[in-house]
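The values are calculated or read from the model by the stated rules, or taken from the named source; none is laboratory data. Computed from a predicted structure; not experimentally measured. As a convention, Cβ positions derive from the backbone with ideal geometry for all residues, glycine included, and neighbour counts pool all protein chains shown.
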Amino acid sequence: MTLFTPQPGIMEIALYEGGKSKIAGRDDVLKLSSNENPLGVPPSAQEAMVAAVGRVHLYPNTDHAPLRAAIGEVHGLDPERIICGVGSDEVLQFVTQAFSGPGDEIIHTEHGFSMYPVLTHMAGATPVRVPEAERVVDVDAILNAVTERTRIVLLTNPGNPTGTMLSDAQLVRLADGLPERVILVIDAAYAEYAAGYDGGAELATERPNVLMTRTFSKIYGLGGLRVGWGYGPKEMIEVMTRIRQPFNLSDLQMQAAEAAVRDPDWARDCAALNADQRARLTGALRQLGLACDDSQTNFVLARFADGGEAAAADTALQGDGIIVRRVGGYGFPEGLRITVGDEDQTGRVIDALTRWREAGA
């Protein structure tokens with residue numbers, strides 16, 4: 001019996017489980033379970049971190065102004081409409097905490113980011129899960145789920161773990177169909193991997209109820225530093241800033257992120273490598289008789305005959321020292337999410353799955 005009663009919704013939160021990173025008895029583990037950049041950290045960001053180490057005894061600035069200015073300059077956005085957080089997760093927490101509470105509803109899709117119901121419960125609101133159509137977000141299902149209690153729609157685009165995405169026209173249709181009192185959050189963590197996609201920046205510029213979130217954890221290779229940002233209407237950003245901890249980002253984090261975002265060659269090279277190896281991996285999976293959608297991210301969702309076959313393939317991959325992500329918790333017991341690696345890493349995955357398939361033939 002506890003002496004303390006937690007706030008409503010907290011006990012509904014399941015503990016998050018990150019991707020596996022070790023295999024007993026192996027020192028040649030290839031981790032492809034967390035969608036990390038195979039090229040690692042940009043040299044420019046490494047240099048910025050080294051330079052910042054000597055200043056860690058000083059408190060960082062509280063307004064993130066240099067980083068916001070850099071993001072605005074690179075992406076052509078107003079820095080006054082940008083907020084920075086500890087990964088895009090914290091920015092998502094800002095918007096759910098600031099604009100929802102007990103009695104409110106937050107919509108997310110069935111295969112959306114697993115943190116969405118967690119963030120909803122943290123705010124004391126009620127998560128509303130709507131179906132997707134063949135692993136693609138169903139705009140009509142979202143619109144049909146809107147009630148007087150709906151305050152926020154959380155949308156991953158491109159999706160995780162599906163890798164699929166809504167077109168710009170479908171995003172506009174969704175935004176048009178929502179009441180202005182409902183905030184549409186476009187979580188675009190993988191936007192840089194989708195050619196020609198602005199992550200929802202234009203919508204967030206034009207609409208009074210659209211927020212775009214982005215991260216430095218994927219294409220910029222700074223997952224271990226935890227830096228993200230959001231962009232939306234100035235009034236919305238000002239409200240969210242009121243609940244942001246003043247020193248939520250260290251100087252080291254901000255310096256590394258600023259150097260990374262000002263390094264367009266790095267992002268372009270990473271995107272090109274990913275596109276090549278993603279196509280190679282997708283083609284190989286299909287040749288092995290495994291279903292997978294065209295991905296717009298840095299991973300591919302391989303779909304097996306059933307959960308048993310997926311488990312067998314996962315075991316075989318681990319036997320070869322390769323860790324991928326089981327995604328039963330996302331509604332795909334038959335799926336394995338495989339991060340796209342570099343040329344050698346992708347070849348290692350293809351070879352391992354080929355041996356597994358041949359052994360079972």
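Considering only the range 56-78, how many residues are assigned to a loop (DSSP other than H, G, I, E, B) and of a type in the set (A, V, I, L, M, F, W, C)?
Residues flagged as assigned to a loop (DSSP other than H, G, I, E, B) and of a type in the set (A, V, I, L, M, F, W, C) within the range 56-78 amount to 3.
Please state which one of THR162, THR147 is crowded, with 22+ Cβ neighbours inside 10 Å, in contact (Cβ under 8 Å) with a residue 24 or more places away in the chain and either more than 21 Å from the chain's Cα centre (by Cα) or within 23 Å of GLY228 (Cβ to Cβ) (or both). Don't jump to the end; show me each part of the working.
Details: THR147 fails: crowded, with 22+ Cβ neighbours inside 10 Å.
After applying the criteria, what remains is THR162.
Write out, first by first residue and then by second, each pair whose Cβ atoms fall under 9 Å of each other, whose residues are 6+ apart or on separate chains, and whose first residue, in the range 199-225, is farther than 19 Å from GLY87 by Cα while the second is acidic (Asp, Glu).
Once the first residue is farther than 19 Å from GLY87 by Cα and sits in the range 199-225, its partners that are acidic (Asp, Glu) give GLU202/ASP168; LEU203/ASP168; THR205/ASP78; ARG207/GLU180; PRO208/GLU180; PRO208/GLU235; ASN209/GLU180.
Among the residues in the range 169-191, are any among the aromatic types (Phe, Trp, Tyr), in a loop (DSSP other than H, G, I, E, B), in the same structural domain as MET212 (by TED's automatic domain parsing) and closer than 30 Å to ASN37 by Cα?
yes
Which of the residues belonging to the range 329-361 are among the hydrophobic types (A, V, I, L, M, F, W, C), over 15 Å from SER33 (Cα atoms) and part of a helix (DSSP H, G or I)?
Once the filter is applied, which keeps residues that are among the hydrophobic types (A, V, I, L, M, F, W, C), over 15 Å from SER33 (Cα atoms) and part of a helix (DSSP H, G or I), the range 329-361 yields ILE350, ALA352, LEU353, TRP356, ALA359.
Quick check, is ASN37 modelled with pLDDT of 95 or more, in a loop (DSSP other than H, G, I, E, B) and surrounded by 12 or more Cβ atoms within 10 Å (Cβ to Cβ)?
Numbers: modelled with pLDDT of 95 or more: yes; in a loop (DSSP other than H, G, I, E, B): yes; surrounded by 12 or more Cβ atoms within 10 Å (Cβ to Cβ): yes.
Against the criterion (modelled with pLDDT of 95 or more, in a loop (DSSP other than H, G, I, E, B) and surrounded by 12 or more Cβ atoms within 10 Å (Cβ to Cβ)), ASN37 qualifies.
Which residue pairs have Cβ atoms under 7 Å apart, sit 6 or more places apart or on different chains, and have a first residue in the range 181-198 that is touching a residue at least 60 places away in the same chain (Cβ under 8 Å) and a second that is of a type in the set (Ser, Thr, Tyr)?
Note: pairs meeting the criteria are VAL185/THR213; ASP187/SER88; ASP187/THR156; ASP187/THR213; ALA189/SER88; ALA189/THR215; TYR190/THR297; TYR193/THR297.
How about the range 186-220: which of its residues are crowded, with 23+ Cβ neighbours inside 10 Å, of a type in the set (Gly, Ala, Ser) and within 13 Å of the chain's Cα centre (by Cα)?
Passing the criteria: ALA188, ALA189, ALA191.
Of the conditions (1) within 24 Å of GLU206 (Cβ to Cβ); (2) modelled with pLDDT under 95, GLU134 fails just one. Which one is it?
Result: GLU134 fails condition (1) only.
Can you tell me which residue in the range 245-292 is nearest to VAL95 (Cα to Cα), limited to those that are of a type in the set (Asp, Glu) and surrounded by fewer than 22 Cβ atoms within 10 Å (Cβ to Cβ)? Don't jump to the end; show me each part of the working.
Keep residues of the range 245-292 that are of a type in the set (Asp, Glu), which gives 251, 258, 263, 265, 269, 276.
Next, only the ones that are surrounded by fewer than 22 Cβ atoms within 10 Å (Cβ to Cβ) stay: 251, 263, 265, 269, 276.
On the way: ASP251: 24, ASP263: 29, ASP265: 32, ASP269: 33, ASP276: 36 Å.
Step by step, filter the range 245-292, then rank; the result is ASP251.
Among the residues of the range 298-311 satisfying the criterion of being surrounded by 16 or more Cβ atoms within 10 Å (Cβ to Cβ) and of a type in the set (Gly, Ala, Ser), which is nearest to GLN345 (Cα to Cα)?
ALA302
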